[in-house]
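Taken together, the values in this text are just the output of simple stated rules run on the coordinates, not laboratory data. What you are looking at is a predicted structure, and each value in this text was computed from that prediction instead of being measured. Ideal geometry is used to build each Cβ from the backbone, glycine not excepted, and the neighbour counts take in all protein chains shown.
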Amino acid sequence: QVQLVESGGGLVEPGGSLRLSCAASGRIVRLYNMAWYRQAPGKQRELVAAIYNGDTTMYADSVKGRFTISIDSAKTVSLQMNNLKPEDTAVYYCNAPGQSTYDWGQGTQVTVSS
């Protein structure tokens with residue numbers, strides 16, 4: 001199976017920036033289609049950014065212009081988050097886009113607060 005490990009979260013003030021990283025291992029050779037999801041307390045998990053075929057990207061309206069997804073190596077995906085807002089507070093996960101997901105990792109906590 002494929003294992004996913006997220007890192008890079010933390011506590012930041014509104015307007016700050018963070019860069020999240022996702023490292024994949026196991027039964028894959030290279031990542032082509034990947035996504036970042038987030039889940040806030042009491043909320044459903046939502047897709048915030050995705051990349052297809054290694055270069056085509058899409059973003060949720062709530063993060064457009066602030067977040068950037070990229071595939072940095074064969075098995076590493078990043079999410080650059082700028083101008084963070086309190087509503088961005090959530091646990092962030094990486095996984096395949098759509099319904100055909102790998103096992104979920106532990107996620108990384110992002111907290112935006114003054």
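Here are a few things to note about the model shown:
- Burial order of peptide ranges 33-44, 55-66, 71-82 (average beta-carbon count within 10 Å, highest first): 71-82, 33-44, 55-66
- Net charge, Ile69 excluded, C-beta distance under 14 Å - Lys, Arg +1, Asp, Glu -1: +1
- 3J(HN,Hα) from dihedral phi, region 28-35, Karplus parametrisation 6.51/-1.76/1.60, rounded to Hz, x for glycine, proline: 9, 9, 8, 8, 10, 10, 9, 8
- Multiplying the residue separation of Val29 and Thr56 by 0.36 nm and removing their Cα-Cα distance gives an extension gain of 7.8 nm.
- Ratio Rg/Rh, restricted to the chain and using Cα atoms, in which Rh is the Kirkwood radius: 0.94
- In this calculation the C-beta distance from Thr101 to Glu13 is compared with R0 = 25 Å, giving a FRET efficiency of 0.15.
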